[in-house]
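Participant: Okay, here's the structure, questions in a sec.
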């Protein structure tokens with residue numbers, strides 16, 4: 001027979017833990033669920049009471065209204081954000097992983113000093129470097145183009161640091177064995193190191209995607225025309241034009257902005273959690 005203490009350890013404690021986690025998850029998801037339910041209310045309807053929050057008839061046409069209207073092209077904003085985010089993530093993972101490979105696996109004079117400079121650059125807030133970057137982009141003639149939105153985000157000191165720390169945990173004996181088989185440095189990096197670093201790449205990719213997708217200041221500074229705006233900037237334009245007193249459409253636009261972040265996180269959740277905890281155990 002199982003004693004009271006054994007019963008609590010085997011059944012009671014896990015039950016309470018799961019109940020608390022479910023309650024916490026429901027609490028955290030409540031604002032997003034509220035936003036979705038408000039977005040399904042009739043056009044120009046006021047914010048309903050909690051007892052009337054569930055719509056009698058779901059107005060999914062609100063999403064078509066937001067995405068397909070011509071006055072404020074939210075669909076174009078969405079495409080711009082998607083193109084910029086995907087390009088920045090792919091380019092940054094490639095460039096930063098190459099730099100991290102050099103810092104972690106190669107030996108060259110001044111390596112530690114250069115890496116310290118990279119770390120020091122993380123101490124400066126993003127807005128500090130926006131004006132010099134803006135002047136450089138303007139001198140290149142890139143303003144109001146995809147180049148202005150993509151190229152400044154290709155490098156990240158944080159991603160280099162994160163990937164370097166992970167690469168250093170991979171035994172150097174694997175590199176030596178690959179060199180004995182005739183593999184060059186790029187082949188070792190591409191065929192050996194990257195496949196073993198999916199968790200770190202996923203973590204860096206998620207952080208980069210969220211940062212680019214939610215960036216407001218730089219797209220506002222680097223673009224002038226309406227058709228080059230991203231979602232974060234376009235959402236403020238939409239609010240001023242249509243959503244200021246139209247809560248269903250405003251919440252619909254907010255759902256459109258948040259949904260890709262949730263999708264990316266859910267798809268990469270397993271690798272993301274593994275990447276976050278990879279420094280705790282070795």
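The values are calculated or read from the model by the stated rules, or taken from the named source; none is laboratory data. Quick caveat, the model's predicted, so the values are computed rather than measured. Using ideal geometry, Cβ is built from the backbone for each residue, glycine included, and neighbour counts are taken over all protein chains shown.
Participant: State whether one or more residues within the range 45-52 are surrounded by 14 or more Cβ atoms within 10 Å (Cβ to Cβ) and either within 27 Å of the chain's Cα centre (by Cα) or assigned to a helix (DSSP H, G or I) (or both).
Facilitator: no
Participant: Yes or no: the range 173-186 includes at least one residue that is under 20 Å from the mean Cα position of the chain (by Cα) and surrounded by 17 or more Cβ atoms within 10 Å (Cβ to Cβ).
Facilitator: The answer is no, given that none of the residues of the range 173-186 is under 20 Å from the mean Cα position of the chain (by Cα) and surrounded by 17 or more Cβ atoms within 10 Å (Cβ to Cβ).
Participant: If you don't mind, there's one more thing I want to ask. Among 122, 168, which is surrounded by fewer than 16 Cβ atoms within 10 Å (Cβ to Cβ), in contact with a helix residue (DSSP H, G or I) (Cβ under 6 Å, 6 or more places away or on another chain), touching a residue at least 40 places away in the same chain (Cβ under 8 Å) and assigned by TED's automatic domain parsing to the domain that holds residue 215? Outline the logic, then answer.
Facilitator: Working: 122 fails: touching a residue at least 40 places away in the same chain (Cβ under 8 Å).
The conditions single out 168.
Participant: Specify which of the listed residues (201, 226, 231, 163) is in contact (Cβ under 8 Å) with a residue 12 or more places away in the chain, under 23 Å from residue 62 (Cβ atoms) and crowded, with 19+ Cβ neighbours inside 10 Å. Explain how you work it out, then say what you get.
Facilitator: Numbers: 201 fails: under 23 Å from residue 62 (Cβ atoms); 226 fails: crowded, with 19+ Cβ neighbours inside 10 Å; 163 fails: under 23 Å from residue 62 (Cβ atoms).
Being in contact (Cβ under 8 Å) with a residue 12 or more places away in the chain, under 23 Å from residue 62 (Cβ atoms) and crowded, with 19+ Cβ neighbours inside 10 Å holds for just one of 201, 226, 231, 163, which is 231.
Participant: Taking the conditions exactly as written (surrounded by 14 or more Cβ atoms within 10 Å (Cβ to Cβ), at pLDDT below 90 and part of a helix (DSSP H, G or I)), does residue 66 satisfy them or not? Full working, then the answer.
Facilitator: Values: surrounded by 14 or more Cβ atoms within 10 Å (Cβ to Cβ): yes; at pLDDT below 90: yes; part of a helix (DSSP H, G or I): yes.
Spelling it out, residue 66 is indeed surrounded by 14 or more Cβ atoms within 10 Å (Cβ to Cβ), at pLDDT below 90 and part of a helix (DSSP H, G or I).
Participant: Look at residue 82 and say whether it is in a helix (DSSP H, G or I), in contact (Cβ under 8 Å) with a residue 12 or more places away in the chain and not assigned by TED's automatic domain parsing to the domain that holds residue 208. Spell out how you get there, then give the answer.
Facilitator: Working: in a helix (DSSP H, G or I): yes; in contact (Cβ under 8 Å) with a residue 12 or more places away in the chain: yes; not assigned by TED's automatic domain parsing to the domain that holds residue 208: no.
So residue 82 fails the test.
Participant: Could we say that residue 208 is buried (at least 17 other Cβ atoms within 10 Å of the Cβ), under 30 Å from residue 170 (Cα atoms) and under 21 Å from the mean Cα position of the chain (by Cα) here?
Facilitator: Values: buried (at least 17 other Cβ atoms within 10 Å of the Cβ): yes; under 30 Å from residue 170 (Cα atoms): yes; under 21 Å from the mean Cα position of the chain (by Cα): yes.
It is true that residue 208 is buried (at least 17 other Cβ atoms within 10 Å of the Cβ), under 30 Å from residue 170 (Cα atoms) and under 21 Å from the mean Cα position of the chain (by Cα).
Participant: Continuing with this model, one more query. Checking the condition assigned by TED's automatic domain parsing to the domain that holds residue 149, surrounded by 13 or more Cβ atoms within 10 Å (Cβ to Cβ) and modelled with pLDDT of 90 or more, which residue from 37, 90 passes? Give the steps one after another, and end with the answer.
Facilitator: Numbers: 37 fails: assigned by TED's automatic domain parsing to the domain that holds residue 149.
Only one candidate passes the filter, namely 90.
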